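The values are calculated or read from the model by the stated rules, or taken from the named source; none is laboratory data. Since the structure is predicted, the reported quantities are computational estimates derived from the model, not experimental observations. So basically every Cβ, Gly included, is an ideal-geometry build from the backbone, and we count neighbours across all protein chains shown. Each accessible area value is taken on the protein alone, full model and side chains, heavy atoms only, with ligands, DNA and RNA left out. Shrake-Rupley method; radii C 1.70, N 1.55, O 1.52, S 1.80 Å.
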Amino acid sequence: QVQLVESGGGLVQAGASLRLSCAASGRTFTNYAMGWFRQVPGKEREFVAAISWGGTRIYYADSVMGRFTISRDNAKNSVYLQMNSLKPEDTAVYYCAVGRDTSYLTNGRSDSWGQGTQVTVSS
């Protein structure tokens with residue numbers, strides 16, 4: 001249905017910032033929530049952040065709250081993740097997600113997954 005392409009990852013030092021982008025294409029629909037997950041080898045995929053269609057309902061994992069900011073541009077079918085004060089424990093492959101509402105995403109679901117973008121934070 002919908003294709004997701006993440007970008008913006010890279011290798012940075014602890015304390016640095018990165019801005020991740022995700023563009024949705026294909027069969028997209030209005031009023032869908034978007035979000036971000038991350039995954040490291042040997043661990044399950046972890047919810048990071050979610051944002052509603054209108055941008056008023058926003059949820060963050062405790063581990064990133066205060067450091068990461070999620071936003072979206074519906075005209076571009078895109079979602080972004082501004083990551084500040086990065087820590088080595090933020091190292092992971094980051095995936096964006098889409099769903100009917102933010103609860104769908106916070107419960108660990110997505111209608112589609114992209115290839116992910118690697119974020120590596122060195123100490």
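Among the residues of segment 67-86, is there at least one that is exposed (fewer than 13 other Cβ atoms within 10 Å of the Cβ) and touching a residue at least 24 places away in the same chain (Cβ under 8 Å)? Yes, some residue in segment 67-86 is exposed (fewer than 13 other Cβ atoms within 10 Å of the Cβ) and touching a residue at least 24 places away in the same chain (Cβ under 8 Å). From the list PHE68, PHE29, the one residue that fits, being of a type in the set (Phe, Trp, Tyr) and more than 21 Å from ARG100 (Cβ to Cβ), is PHE68. Filtered by the rule that a residue be under 18 Å from TYR59 (Cα atoms) and open to solvent by less than 40 Å² (accessible area, probe 1.4 Å), segment 1-48 gives LEU20, SER21, CYS22, TYR32, ALA33, MET34, GLY35, TRP36, PHE37, ARG38, PHE47, VAL48. Among residues of segment 13-40 that are within 16 Å of VAL64 (Cβ to Cβ), those with a Cβ under 7 angstrom from a residue that is exposed (fewer than 13 other Cβ atoms within 10 Å of the Cβ) and not small (Gly, Ala, Ser), sequence gap 6+ or separate chain, pair up as ALA14/PRO88. Listed here are the strands (runs of 3 or more DSSP E) enclosed by segment 3-103 that have at least 3 residues being farther than 13 Å from GLY116 by Cβ: 10-13, 18-26, 33-39, 46-51, 58-60, 68-73, 78-83.
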